[in-house]
Every structure is written in C-alpha cells, then in structure tokens.
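Trainee: Take this structure, written in structure tokens, and hold onto it; I'll ask about it next.
Derivation of every value follows stated rules applied to the coordinates shown; laboratory data play no part. These numbers were taken from a predicted model, which means no experiment stands behind them. Counting neighbours? That spans all protein chains shown, and the Cβs are built from the backbone with ideal geometry, glycine included.
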C-alpha cells in the first residue's frame with residue numbers, strides 16, 4: 001500500500017505541506033522480512049528499543065524481560081497475521097510505525113481498568129505510534145492514522161477504537177504521546193465514547209471510535 005498524498009492530516013501546530021510530507025513516502029503492512037527495518041526504527045532512544053510494541057499483547061510486565069523476548073512476541077504476531085501494524089518508509093528507511101489489529105489481539109486491554117471494553121461490539125484497536133526523531137512535529141502521525149483507517153477497513157473491521165492522550169492543546173514529550181493525541185484522532189473523524197480514570201489522582205483517559 002502506497003499512501004495517497006492527498007489524504008494526510010497534521011498532528012502538531014507545525015505546518016508542513018502535504019506534498020512535502022508525503023514525498024517518497026510509502027506505508028506498508030509489517031511482514032517478517034521487514035522486521036529488521038522496524039528494528040532500526042526501534043533502535044532510536046526511547047521505550048520501543050526494549051518494549052518492541054509488545055506491552056498490550058501480553059499480560060506480564062514486559063519491562064522485566066530481555067528486549068529479545070518482546071521482539072519475539074511481535075515476531076510471532078507478524079508471522080501469524082494479519083499484519084500487526086504498518087511501517088512508513090522514506091528513502092528505504094523506516095521512519096514511522098502504527099500498531100493496530102483486532103482488540104482481542106491485545107489481551108492487556110481487557111485487564112486495565114481504564115481501557116476495559118466499552119461494550120460487546122467487535123472492534124479493532126490502535127495502541128501505539130512510533131515516529132523517527134527527525135520526522136516528529138511534521139504530521140506523520142496523522143498520515144499513519146489515515147493509513148491505519150484504510151488498512152482496518154480493507155481487512156473487514158467495522159469499528160476502529162483508540163486510547164489517545166488529551167493534551168488540552170499543550171505540547172507533551174513524545175514518550176507520553178505514543179498512543180496519539182485526542183486532537184489528531186478527532187481531526188480524522190473519531191468521536192469520544194468513554195472517559196475513565198484509574199483513581200482520583202489520575203487524569204481521565206478518553207476512548208475514541210470511528211465507524212468504518
């Protein structure tokens with residue numbers, strides 16, 4: 001899948017033209033032969049280098065195991081299919097990642113109080129974005145989101161769900177925005193269906209959906 005350059009949206013206040021942002025940009029499903037490309041993206045400083053986007057795919061605490069075991073979790077999901085996410089490439093280098101799939105593929109979602117199911121409807125979930133440092137602040141997250149919508153629809157999903165951060169318009173560090181921002185999802189047509197908190201001291205977490 002090569003993403004249509006006419007369909008991008010922005011996830012920050014930095015204005016970048018659609019043509020410039022999507023120049024030589026290709027977004028494709030993760031396959032086993034592309035795992036090494038993803039490894040290069042995940043090797044940048046930050047959580048992905050050890051978590052390997054496995055945190056919602058297992059119930060155990062992934063921080064207590066070697067990164068190789070977390071990579072094995074994502075590798076197994078990739079080999080089993082459908083592809084557990086999409087990779088964005090520019091100049092043959094992986095510069096972005098979005099993790100999505102049927103909610104049941106993320107068992108931890110069922111055990112976190114704030115992310116428990118809203119209802120019994122079958123949904124696909126978007127749980128993570130990773131953007132290369134040099135590409136941040138230009139709107140690539142929004143482009144990946146649009147591609148994720150297309151991918152979910154093409155694979156038979158009828159409802160797409162996500163768990164973004166409500167920043168209230170403020171800038172936040174990238175490690176806090178790995179699930180995407182509420183504003184970005186709202187621009188893509190998602191609507192808020194629930195907002196929960198783990199306890200009185202925690203900021204409520206919105207749950208948003210898009211009917212496909």
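Trainee: Residue 139 is checked against (1) in contact with a helix residue (DSSP H, G or I) (Cβ under 9 Å, 6 or more places away or on another chain); (2) under 23 Å from residue 194 (Cα atoms) and fails just one. What number does that condition carry?
Mentor: With (1) in contact with a helix residue (DSSP H, G or I) (Cβ under 9 Å, 6 or more places away or on another chain); (2) under 23 Å from residue 194 (Cα atoms) applied to residue 139, the lone miss is (2).
Trainee: Hey, any hits in the stretch 112-128 for a residue that's buried (at least 18 other Cβ atoms within 10 Å of the Cβ) and within 17 Å of residue 42 (Cα to Cα)?
Mentor: yes
Trainee: Please list, ordered by first then second residue, the pairs with beta carbon atoms under 7 Å, 6 or more apart or interchain, first in the stretch 151-171 and in contact (Cβ under 8 Å) with a residue 60 or more places away in the chain and at negative phi, second assigned to a helix (DSSP H, G or I) and surrounded by 18 or more Cβ atoms within 10 Å (Cβ to Cβ).
Mentor: Filtered contacts from the stretch 151-171: 160/149; 160/152.
Trainee: Here is a further query. Kindly indicate whether any position in the stretch 130-139 is outside any strand (DSSP E or B), in contact with a strand residue (DSSP E or B) (Cβ under 9 Å, 6 or more places away or on another chain) and without any contact (Cβ under 8 Å) to a residue 40 or more places away in the chain.
Mentor: Yes, because at least one residue in the stretch 130-139 is outside any strand (DSSP E or B), in contact with a strand residue (DSSP E or B) (Cβ under 9 Å, 6 or more places away or on another chain) and without any contact (Cβ under 8 Å) to a residue 40 or more places away in the chain.
Trainee: Hey, residue 194 hits all of (1) touching a residue at least 60 places away in the same chain (Cβ under 8 Å); (2) within 25 Å of residue 74 (Cβ to Cβ) but one; which does it fall short on?
Mentor: (2)
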